[in-house]
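Read the structure below first, then the notes.
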Amino acid sequence: MPLKIFLSKEKGFCFGVERAVKIVTKIKDRANTFGQIIHNPQLVQKLEKQGKKVVNNLNEVTEKILIIRAHGASDKFIQKAKKRCLKIIDLTCPYVKKAQVLSANLEKNGYRVIIIGKRNHPEIVSIAENLNSPIIVENLPQTKKLGFYNKAGIISQTTFNIQEVDKITAEIKKHAEELKIYKTICDATQKRQKAAYELAKKVDTMIIVGGKNSSNTKRLFEICTKIVTSHHIETKNELKENWFKNKKKVGVTSGASTPKIILNEVVKTLRKMR
Ligand code: F3S
């Protein structure tokens, strides 16, 4: 019997990624991108072939145009880049911009900013670099060690796990007299996580397609793997026949930075199995 394949209702490119990819592919000149424009190695390789080389700092810049990735960059970084007379094309997702603005306002108004997110993720770096003394917490044990603050404000990484943010927020409430909470998880992340959770409950294997370095894809995998056997793959080449032995229903979803063509190839390959 062939496998029954179910696709998640919410999957693939989100608004911010769609916008960034659309604009970047229209730029005909050679350019550098500050970090990977989105966290998908296959797409980044394709863009490199079209003359969009990734740089990790300003010393590596070789072209006149510098593109800021969807995860954003700090104001300090952008000011420095402008001084080098570069043309800046800023593709920061508006949801990330919103988190940057909210956190800066919190600090300006005397609140200690607590960021829930992965310390080394470019989005969190872009937010934290704009602030004087942000606190970053990645999990509950770290949050339990926080001190006590008169005024504190919470910002969350746009692609963080919704349930984790709720748990960490509940703990932070014990550490502040006055607390402002900005749940800055983006709409696309929330929808994809909820849809993946629902689908995982109905199937006996989940396949999550997306970059191994993609935060939002990793969160989808974390959610699904708690419910059912799950595999995080980047391309169809990683699929293994033995994963589906004695399995009937396979659910498939993909991260917000996964091109449709890669997802379609995975589904096509799955359909040929058994
Ligand atoms: Fe933006 Fe959310 Fe996508 S922050 S880039 S819409 S995952």
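The values are calculated or read from the model by the stated rules, or taken from the named source; none is laboratory data. Source: prediction; values computed, not measured. Every residue, glycine among them, receives a Cβ derived from its backbone with ideal geometry; neighbour counts consider all protein chains shown. Keep in mind that these areas ignore ligands, DNA and RNA; they rest on the heavy atoms of the full protein, side chains included. Shrake-Rupley method; radii C 1.70, N 1.55, O 1.52, S 1.80 Å.
Which of the helices (runs of 4 or more DSSP H) found entirely inside region 108-205 contain at least 1 residues meeting this: touching a residue at least 12 places away in the same chain (Cβ under 8 Å) and of a type in the set (Phe, Trp, Tyr)?
Filter on region 108-205 gives 187-200.
Can you name every residue in region 81-100 that is among the charged types (D, E, K, R) and over 30 Å from Lys180 (Cα atoms)?
The answer is Lys82, Lys83, Arg84, Lys87.
Only one of (1) open to solvent by 30 Å² or more (accessible area, probe 1.4 Å); (2) within 16 Å of the ligand (Cβ to nearest atom) is not met by Gln50, so which one is it?
Looking at each condition in turn, Gln50 falls short on (2).
Could you count how many residues in region 39-58 are hydrophobic (A, V, I, L, M, F, W, C) and free of Cβ contacts under 8 Å to residues at least 12 places away in the same chain? It would help to see each step written out before you state the result.
The initial filter retains those residues of region 39-58 that are hydrophobic (A, V, I, L, M, F, W, C), namely 43-44, 47, 54-55, 58.
Going one step further and asking which of them are free of Cβ contacts under 8 Å to residues at least 12 places away in the same chain, we end up with 44.
Final tally of qualifying residues: 1.
If you go through region 206-256 one residue at a time, how many are in contact with a Gly (Cβ under 7 Å, 6 or more places away or on another chain) and in a helix (DSSP H, G or I)?
Result for region 206-256: 3.
Which residues, taken from region 130-149, are over 18 Å from the mean Cα position of the chain (by Cα), surrounded by fewer than 17 Cβ atoms within 10 Å (Cβ to Cβ) and over 13 Å from Leu106 (Cα atoms)?
Residues satisfying the conditions are Leu140, Pro141, Gln142, Lys144, Lys145, Gly147, Phe148.
Residues being more than 17 Å from Cys186 (Cα to Cα) and within 16 Å of the ligand (Cβ to nearest atom): count how many of those fall in region 116-160.
So the count comes out to 1.
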